[in-house]
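Reading through the structure tokens given below for one structure.
The values are calculated or read from the model by the stated rules, or taken from the named source; none is laboratory data. Please read these numbers as outputs of a predicted model, since none were measured by experiment. Here the Cβ positions follow ideal geometry from the backbone for every residue, glycine too, while neighbour counts run over all protein chains shown.
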Number of protein chains: 2
Amino acid sequence: MKKISESAVRRLSLYLRFLQEAEAAGSDTISSGELARRGGTTSAQVRKDLSLFGSFGKRGMGYSVPELLREIRQILGLTRPWLVAVVGAGRLGSALSSFRDFQARGFEIRAVFDSDPAKIGQSWGGLTVQPDEEMDATLREQRVDVVIIAVPAEAAQGVVDRVVAAGVKALLNFAPVRLRVPRGVTLRNVDVTLELEGLSFALASAKG
Amino acid sequence: MKKISESAVRRLSLYLRFLQEAEAAGSDTISSGELARRGGTTSAQVRKDLSLFGSFGKRGMGYSVPELLREIRQILGLTRPWLVAVVGAGRLGSALSSFRDFQARGFEIRAVFDSDPAKIGQSWGGLTVQPDEEMDATLREQRVDVVIIAVPAEAAQGVVDRVVAAGVKALLNFAPVRLRVPRGVTLRNVDVTLELEGLSFALASAKG
DNA sequence: CGTATCTTGTGAATGATTTCACAAGCCTTG
DNA sequence: CAAGGCTTGTGAAATCATTCACAAGATACG
């Protein structure tokens, strides 16, 4: 299979969202041009992205909304739920755990961990905060697929090493630090500081 | 001035972080190879990125840590603090407002807004949650540079329109929705759902 | 002072991604 | 059932980003 760029996957994810909107609005079909308009890209880009995985449209007609929904869900692996654990029960972890959208999109939070004894045992929307020591066992027992890292930067690499050792293959990191993962493990970073500095650059460039 | 890609700016921001670490560790100089190693890129990439803005190194010696720190701060516009407001006093807004790193990196949170009467008046780390109605006046009075959007998706575009009308030129959006901004306004998105779906794609591709 | 060693800065080459452009297919209408 | 009007799928072209490769400058050391 040929290599799919990260930006192409991002766009697919966006198209999925637009298709859900179109479905809710009662549309049966949608054109590449319409998807492009919503996504701020071009119709050729949309068709190219989709053509990486197959031919889903009808010439003259566009794409069937339910069919393309099915196809993109299949491509993105969203046909079954993924099990998620959050490490770090601070404010960010709390915000993430309560994010209702996750559940709706097929990500089920199954465990929350923290190293702070004061936090352990607290109940969080049906889940009990567990101590770090139980991480390895729980991750395996619950067959957790994805771990969200919401601990301070200094602690993040240690958490990565432990969850990777427990067999987890996908990580989403919120700590402002560059983490090392072995081959075969996928890591994505959400780095708010980086984004703010990007805004700073834009402001400074504009103002001179 | 030639166009600078977003990925180049991201990397500059990373180099800045590594330089701060190097400074804390007492290093006087650092080579492009060392910056590359920490950033997971190549030394040529580092030199190319820096060469977009000038020649800061000494052949045979690398870069002076304090000097390159100064230069990158200058490039990124981090020589003075930026004033920030958070719209949305939910859990995410709370997590962001309490994020100590912001202050340390030159982003000062000056106001928090919410539309929920139950939240208004609450004290948040020295700030009082203000009602939406005061947004326009406060943003102008406080000369807010950057607005962080931490409201539900349905409310986000309305917030954008209001803060843009109040003269704000830089936005960081956490709502899982594609927002429209006029030319001259910079928008960055942090979309956790997109990131999770990216992980899902990686997992699904690997497992077959 | 001359040689060896290191590392920068940068054109040229390569690779990746996006855009262009158009033949081909599908539906509607008369 | 033929003509007209859309819209797809996709090679080819253009643009953008990364990597290569090396001359040139700087230091260290005998």
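In the set A:Leu78, A:Leu50, A:Leu69, only one residue is farther than 30 Å from A:Glu141 by Cβ and away from DNA strand C (no atom under 16 Å from the Cβ); that residue is A:Leu69. Can you list residue pairs whose Cβ atoms sit under 7 Å apart, with the first residue in region B:33-46 being more than 10 Å from DNA strand C (Cβ to nearest atom) and the second being not in a helix (DSSP H, G or I)? Count only pairs 6 or more apart in sequence or on different chains. Pairs that qualify, where the first residue is more than 10 Å from DNA strand C (Cβ to nearest atom) and the partner is not in a helix (DSSP H, G or I), are B:Arg38/A:Arg178; B:Gly39/A:Arg178; B:Gly40/A:Arg178.
Only helices (runs of 4 or more DSSP H) wholly contained in region B:3-64 count here; list those with 2 or more residues that are crowded, with 17+ Cβ neighbours inside 10 Å and more than 10 Å from DNA strand D (Cβ to nearest atom). Correct list: B:6-24, B:32-39.
Among the criteria (1) more than 30 Å from A:Ile149 (Cα to Cα); (2) facing chain B (nearest Cβ under 10 Å); (3) in contact (Cβ under 8 Å) with a residue 12 or more places away in the chain; (4) not β-branched (Val, Ile, Thr), the one A:Gly106 does not fulfil is (1).
Looking only at residues of region A:77-95 that are touching a helix residue (DSSP H, G or I) at 6+ places or on another chain (Cβ under 8 Å) and part of a helix (DSSP H, G or I), we find that the one that is farthest from B:Thr193 (Cα to Cα) is A:Arg91. Can you work out which of the residues in region B:121-132 that are more than 14 Å from every other protein chain (Cβ to nearest Cβ) and either in contact with a helix residue (DSSP H, G or I) (Cβ under 7 Å, 6 or more places away or on another chain) or not in a loop (DSSP other than H, G, I, E, B) (or both) is modelled with the lowest pLDDT? The qualifying residue modelled with the lowest pLDDT is B:Ser123. Is it true that B:Glu67 is part of a helix (DSSP H, G or I) and either loosely packed, with under 15 Cβ neighbours inside 10 Å or out of contact with any Pro (no Cβ under 9 Å at 6 or more places or on another chain) (or both)? Criteria met by B:Glu67.
Here is a list: A:Ala118, A:Ala95, A:Ala89. Which entry is away from DNA strand D (no atom under 16 Å from the Cβ), without any contact (Cβ under 8 Å) to a residue 24 or more places away in the chain and either within 13 Å of chain B (Cβ to nearest Cβ) or touching a Lys or Arg at 6+ places or on another chain (Cβ under 7 Å) (or both)? Step through it out loud before you land on a result.
On the way: A:Ala118 fails: either within 13 Å of chain B (Cβ to nearest Cβ) or touching a Lys or Arg at 6+ places or on another chain (Cβ under 7 Å) (or both); A:Ala89 fails: without any contact (Cβ under 8 Å) to a residue 24 or more places away in the chain.
On inspection, the qualifying residue turns out to be A:Ala95.
Condition test on B:Gln74, is it within 10 Å of another protein chain (Cβ to nearest Cβ), assigned to a helix (DSSP H, G or I) and under 30 Å from B:Thr29 (Cβ atoms)? For B:Gln74, the condition - within 10 Å of another protein chain (Cβ to nearest Cβ), assigned to a helix (DSSP H, G or I) and under 30 Å from B:Thr29 (Cβ atoms) - is met.
If you go through region B:157-201 and keep only what is at the interface with another protein chain (Cβ under 8 Å from one of its Cβ atoms) and within 12 Å of A:Ser13 (Cβ to Cβ), you end up with B:Pro176, B:Arg178, B:Val192, B:Thr193, B:Leu194, B:Glu195, B:Leu196, B:Glu197, B:Gly198, B:Leu199, B:Ser200, B:Phe201.
Taking the listed residues A:Leu139, A:Leu179, the one that is among the aliphatic types (A, V, I, L, M) and within 25 Å of B:Phe18 (Cα to Cα) is A:Leu179, with no other qualifying. Taking region A:125-163 as the range and being in contact (Cβ under 8 Å) with a residue 60 or more places away in the chain, buried (at least 16 other Cβ atoms within 10 Å of the Cβ) and of a type in the set (D, E, K, R) as the test, only A:Asp145 passes.
Quick grid of which residues meet (1) touching a helix residue (DSSP H, G or I) at 6+ places or on another chain (Cβ under 6 Å); (2) in a loop (DSSP other than H, G, I, E, B):
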{"residue": "A:Val144", "(1), (2)": "no, yes"}
{"residue": "A:Ala156", "(1), (2)": "no, no"}
{"residue": "A:Asp161", "(1), (2)": "no, no"}
{"residue": "A:Gly167", "(1), (2)": "no, yes"}
{"residue": "A:Leu172", "(1), (2)": "yes, no"}
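A search for C-beta distances below 8 Å between a residue of region A:1-22 that is away from every other protein chain (no Cβ under 11 Å) and any residue that is surrounded by fewer than 16 Cβ atoms within 10 Å (Cβ to Cβ) and at pLDDT below 95, counting only pairs 6+ apart in sequence or on different chains, returns nothing.
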